Structures are given as structure tokens and as C-alpha cells.
Amino acid sequence: MALAAVHGALRTGVASEADEPTLAAIWQGPNTRDTVDATVFEKIKYDRQSIFGHGQRRCPGMLDLSKFRAVIFDFDGVIVDSETMQARAWTRVGRELGFADCQISVERIAGRVDVELAPMLFPGHDPRRCVQRKWQIEAEMEAAGELRLVHGVDQFVHALARTHRLAICSSCHVMQLRRRLERVGLSSLFSVVVGTSAGVAHKPAPDLYLRALAQLGVGADEACAIEDSETGVAAARAAGIYVIQLVHPGQPRAALADEWFGGFE
């Protein structure tokens with residue numbers, strides 16, 4: 001599939017708030033370059049009014065990535081639908097701990113790292129054991145073929161790799177990222193894979209994105225990021241990178257994103 005065809009799939013037009021659940025167009029968002037520190041991040045709010053306003057607002061055109069040399073992708077929720085799998089794994093952990101009615105949602109865990117989630121989800125329980133058990137359950141699910149690509153991303157990434165340098169930037173561990181990229185058949189397309197490692201702050205800090213830029217050999221103004229969570233959007237912006245948010249059905253739009261889109265097809 002040609003890159004133009006991929007871009008063309010992200011249609012333009014006029015949308016109202018009633019279209020929000022199925023919006024597949026690109027919206028031009030705030031283009032400011034605010035410094036995102038911990039204090040600012042805590043104050044980030046989703047601003048529905050800035051998107052839909054009063055009545056209707058016209059989309060400015062299809063997504064244009066030609067001005068960038070590199071595209072940096074988040075992994076969970078952007079490349080693979082692992083957040084759904086993770087939510088089910090956390091739910092199983094909770095039920096094994098005796099919380100019979102435990103039901104962990106994707107919204108509750110999106111953009112967060114396991115070591116921080118465990119004590120929040122299951123206070124009073126050993127967070128290390130919770131995380132280890134969650135990883136065991138995930139490995140079982142992955143081996144059973146439950147890891148799925150986000151719809152349309154396979155064709156999108158293959159087309160984009162012809163014209164851009166591609167990277168993964170995630171708060172997951174690098175070995176897990178490489179294993180999962182290999183499993184879904186995309187490992188050869190990403191020249192840089194950056195994940196959490198000792199001594200490097202995870203998202204929403206900009207450190208992982210800054211490392212990705214250095215390994216790609218490009219400046220912040222030569223790359224864009226595709227993220228789906230508020231945490232990831234904040235991290236990319238803190239690194240000075242133009243950020244496009246993939247908005248899943250029912251998910252609000254992050255005010256710090258430069259653009260939003262509803263899917264790769």
C-alpha cells in the first residue's frame with residue numbers, strides 16, 4: 001500500500017461532537033511548546049471544548065508526515081493492543097488475591113508502569129509478587145496468540161518505513177519490546193527501540209524520547225511521535241517533539257497533543 005493511500009484513509013471533512021466515537025479524521029490541535037514538568041503534568045486536562053467548540057469545526061487536511069525524517073511510536077495501544085491484554089492480566093491477579101469482583105479497565109492502567117500500578121490496584125499486597133504474577137499471566141496469553149496488532153498499523157508502518165526512520169519509545173522493558181515486535185513480524189522495520197532501563201526516568205519524563213532522538217540521529221524538530229495516552233503525549237511534548245494522539249473509541253483527546261486521529265485506516 002502506498003503511503004499516500006495510507007494518509008488518504010485518514011479522511012477529512014466536517015465533524016460534530018456527535019461524531020466523536022467514530023471520528024477517523026485528523027484534527028489540528030494546539031501548537032504551543034509549553035515546558036512540561038511534573039507540576040504542569042498534574043494540571044493537564046482534556047479540553048473537549050477546544051476540539052469541538054460551539055457547533056462544527058473543519059478538519060485542516062490529511063495527516064502530512066513528509067516534513068519529518070523520523071516517526072517515533074509508542075508501543076502499547078499504538079502498535080499492539082496489549083493494554084486490553086494487560087487489563088485482563090491485572091484482573092486475574094486481583095481475583096487470585098481474593099477480589100472476586102475485580103475488573104481492571106484499560107483506562108485505569110493506560111500510560112502507567114507496572115511497578116507503580118501494583119500498589120495502587122492492590123494496596124496491602126506485595127507489589128513485586130503482583131507484578132511477577134501479572135507478567136506470568138501475560139506470557140501465557142502471549143504464547144496463546146492473544147497479542148494483536150492495532151487495526152491497520154501493519155500496513156501503515158510498512159508504507160512509512162519506505163520514507164522515514166522509525167523508532168519505538170515505550171516504558172516497557174526493551175527485551176519485552178523486541179520479543180513482541182518479533183512475534184508480530186515488525187522488528188525489521190524499527191531501527192531504534194527504546195524502553196525502560198535502570199537510571200532512566202519513564203514517561204511522562206522526556207528521557208526516553210530524548211534517548212530515541214539521539215539514537216535516530218535527528219533533532220526534535222525532525223521527528224514526530226504517535227501516542228495514545230496522556231502520559232505519552234506529555235513525555236513527547238516535554239522532549240520538544242510534535243505529537244499526534246491516536247484516540248481510541250470513547251477516549252478523550254489530550255489537550256497537549258498537536259493533532260488527533262481515530263485510526264490507521
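The values are calculated or read from the model by the stated rules, or taken from the named source; none is laboratory data. Small disclaimer: the values here were computed from a predicted structure and weren't measured. Every residue, glycine among them, receives a Cβ derived from its backbone with ideal geometry; neighbour counts consider all protein chains shown.
What number goes with the only condition from (1) of a type outside the set (D, E); (2) outside any loop (DSSP other than H, G, I, E, B); (3) within 27 Å of W135 (Cβ to Cβ) that H248 does not pass?
Single failed check for H248: (2).
Determine which member of the set T35, T84 is part of a helix (DSSP H, G or I), hydroxyl-bearing (S, T, Y) and modelled with pLDDT under 95. Write out each step before concluding.
Numbers: T35 fails: part of a helix (DSSP H, G or I).
Sole residue among the options that is part of a helix (DSSP H, G or I), hydroxyl-bearing (S, T, Y) and modelled with pLDDT under 95: T84.
Scan R165, R129 and give me the residue that is modelled with pLDDT of 95 or more and surrounded by fewer than 18 Cβ atoms within 10 Å (Cβ to Cβ).
Result of the check over R165, R129: R129.
Exactly one condition in (1) of a type in the set (A, V, I, L, M); (2) closer than 27 Å to A139 by Cα; (3) in contact (Cβ under 8 Å) with a residue 24 or more places away in the chain is false for V218; which is it?
The number of the failed condition is (2).
Restricting to region 223-254, what's the tally of residues that are surrounded by fewer than 21 Cβ atoms within 10 Å (Cβ to Cβ), in contact with a helix residue (DSSP H, G or I) (Cβ under 7 Å, 6 or more places away or on another chain) and either modelled with pLDDT under 95 or under 20 Å from C172 (Cβ atoms) (or both)?
Qualifying residue count for the region: 3.
Is it the case that region 196-211 has a residue that's touching a helix residue (DSSP H, G or I) at 6+ places or on another chain (Cβ under 6 Å), over 15 Å from G111 (Cα atoms) and buried (at least 18 other Cβ atoms within 10 Å of the Cβ)?
At the first step, the residues of region 196-211 found to be touching a helix residue (DSSP H, G or I) at 6+ places or on another chain (Cβ under 6 Å) are 200-201, 203-204, 206, 209.
Retained after the next criterion (residues that are over 15 Å from G111 (Cα atoms)): 200.
Right, trim to buried (at least 18 other Cβ atoms within 10 Å of the Cβ) and you get none.
No, every residue in region 196-211 fails to be touching a helix residue (DSSP H, G or I) at 6+ places or on another chain (Cβ under 6 Å), over 15 Å from G111 (Cα atoms) and buried (at least 18 other Cβ atoms within 10 Å of the Cβ).
May I ask you to say which residue of R179, R162, R237 is free of Cβ contacts under 8 Å to residues at least 24 places away in the same chain and out of contact with any Gly (no Cβ under 8 Å at 6 or more places or on another chain)?
Numbers: R162 fails: free of Cβ contacts under 8 Å to residues at least 24 places away in the same chain; R237 fails: free of Cβ contacts under 8 Å to residues at least 24 places away in the same chain.
None of the others qualify; the one that does is R179.
If D154 meets every condition in (1) without any contact (Cβ under 8 Å) to a residue 40 or more places away in the chain; (2) surrounded by fewer than 17 Cβ atoms within 10 Å (Cβ to Cβ); (3) among the acidic types (D, E) apart from one, which number is that one?
Evaluating D154 over (1) without any contact (Cβ under 8 Å) to a residue 40 or more places away in the chain; (2) surrounded by fewer than 17 Cβ atoms within 10 Å (Cβ to Cβ); (3) among the acidic types (D, E) leaves (2) as the failure.
Inspect all residues belonging to region 181-190 and state whether any of them is aromatic (F, W, Y), surrounded by 15 or more Cβ atoms within 10 Å (Cβ to Cβ) and either in a loop (DSSP other than H, G, I, E, B) or not assigned by TED's automatic domain parsing to the domain that holds Q245 (or both).
Yes, there is a match, as at least one residue in region 181-190 is aromatic (F, W, Y), surrounded by 15 or more Cβ atoms within 10 Å (Cβ to Cβ) and either in a loop (DSSP other than H, G, I, E, B) or not assigned by TED's automatic domain parsing to the domain that holds Q245 (or both).
With respect to V193, determine if the residue is surrounded by 14 or more Cβ atoms within 10 Å (Cβ to Cβ), free of Cβ contacts under 8 Å to residues at least 40 places away in the same chain and either in contact with a strand residue (DSSP E or B) (Cβ under 7 Å, 6 or more places away or on another chain) or of a type outside the set (A, V, I, L, M, F, W, C) (or both). Break it down into steps so the answer makes sense when it comes.
On the way: surrounded by 14 or more Cβ atoms within 10 Å (Cβ to Cβ): yes; free of Cβ contacts under 8 Å to residues at least 40 places away in the same chain: yes; either in contact with a strand residue (DSSP E or B) (Cβ under 7 Å, 6 or more places away or on another chain) or of a type outside the set (A, V, I, L, M, F, W, C) (or both): yes.
Yes: the conditions hold for V193.
Does V174 qualify as being modelled with pLDDT of 95 or more and aliphatic (A, V, I, L, M)? First the steps, then the outcome.
Details: modelled with pLDDT of 95 or more: no; aliphatic (A, V, I, L, M): yes.
Considered against the rule, which asks whether it is modelled with pLDDT of 95 or more and aliphatic (A, V, I, L, M), V174 comes out as no.
Among the residues of region 193-245, which ones are more than 14 Å from the chain's Cα centre (by Cα) and part of a helix (DSSP H, G or I)?
D207, L210, R211, A212, L213, A214, Q215, L216, A220, D221, E222, A238, listed by residue number.
When you scan region 93-121, how many residues do you find that are surrounded by fewer than 19 Cβ atoms within 10 Å (Cβ to Cβ) and either more than 25 Å from the chain's Cα centre (by Cα) or not in a helix (DSSP H, G or I) (or both)?
12
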